[in-house]
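Reviewing the structure listed below.
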Amino acid sequence: MSMHGAAANYVIEPAAIPALPIAGSDRMFPVRRVYCVGRNYAAHAIEMGHDPDKEPPFFFQKNPDNLNTTGEFPYPPASNDVHHEIEMMVALKSGGRDIDLGRALDCVYGYGVALDMTRRDLQAKAKDMGRPWEIGKAFEASAPCTPLVSASEIGHPDHGAIWLDVNGERRQSGDLNQMIWKVPEMISYLSGLFTLTAGDVILSGTPSGVAAVQRGDVLKGHIDGIGDLEVRVV
Ligand code: MN
């Protein structure tokens, strides 16, 4: 695929480029791809029935236009078991292939707080049948998130609380230092599988305590040093 901008002679109107706001700014971060890490916190791997010592984390993807900064999560069709997964979001300003661990953080533009919303019933069926996860993971508005904060302002958080409250009750709680793959490892490992570029976003996995949401629920997520996310299920 080639991109020729507004002058290109497209046969249909091209879709808007998905983009994330930058906190405290009117500038935007254009998103190319969204990678997600599965089972990156041991306690969550165990609650999902897996042994983190035998099965390392892995990647799947959401669609760039699934990112959702509206503050509302529309309950999706075809599921009765939609789960919250609070996650740190990492946005890249550069990329490459086979990126060394020692320079991986140089690729990071900034960070945000995100939810990897999951149609758990459809994901479970896909797992049972050996099918891909897209219908469980990559549906409309499935990644509610905050604007980005730049690493030049906050540095590179590698420890600190990550939690999610639903209707005022703590559901998920962990610490960034519990991640099995730290941010440099995610970037380095991913760059051995794909060519990373500026605009790529990584959702870095969720601590334990995932559970179902209902319409009307208010989800409040927090990551120390990054910020707060509030989302209503509608
Ligand atoms: Mn997740």
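The values are calculated or read from the model by the stated rules, or taken from the named source; none is laboratory data. The model shown is predicted, which means the values in this text are computed figures rather than measured ones. Cβ atoms come from the backbone with ideal geometry, glycine included; neighbour counts cover every protein chain shown. These accessible areas exclude ligands, DNA and RNA; they are computed on the full protein's heavy atoms, side chains included. Shrake-Rupley method; radii C 1.70, N 1.55, O 1.52, S 1.80 Å.
The table below lists the values:
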read-out	value
Matching residues in the stretch 33-54 - criterion: being open to solvent by 70 Å² or more (accessible area, probe 1.4 Å), away from the ligand (no atom under 13 Å from the Cβ) and charged (D, E, K, R)	ARG33, ASP53, LYS54
Any strands (runs of 3 or more DSSP E) falling wholly within the stretch 122-234 and containing at least 2 residues that are within 23 Å of PRO64 (Cα to Cα) and touching a Cys at 6+ places or on another chain (Cβ under 8 Å)	201-203
Residues within the stretch 50-76 that are in a loop (DSSP other than H, G, I, E, B) and touching a residue at least 24 places away in the same chain (Cβ under 8 Å), tallied	10
Identity of the residue in the stretch 82-121, assigned to a strand (DSSP E or B) and open to solvent by 10 Å² or more (accessible area, probe 1.4 Å), that ends up nearest to GLU153 (Cα to Cα)	TYR109
Filter pass, THR206 being of a type in the set (Ser, Thr, Tyr) and within 15 Å of the chain's Cα centre (by Cα)	yes
Subset of the stretch 74-90 (residues that are of a type outside the set (Asp, Glu) and within 15 Å of the ligand (Cβ to nearest atom))	VAL82, HIS83, HIS84, ILE86, MET88, MET89, VAL90
Residue within the stretch 91-110 that is within 14 Å of the ligand (Cβ to nearest atom) and in contact (Cβ under 8 Å) with a residue 40 or more places away in the chain present	no
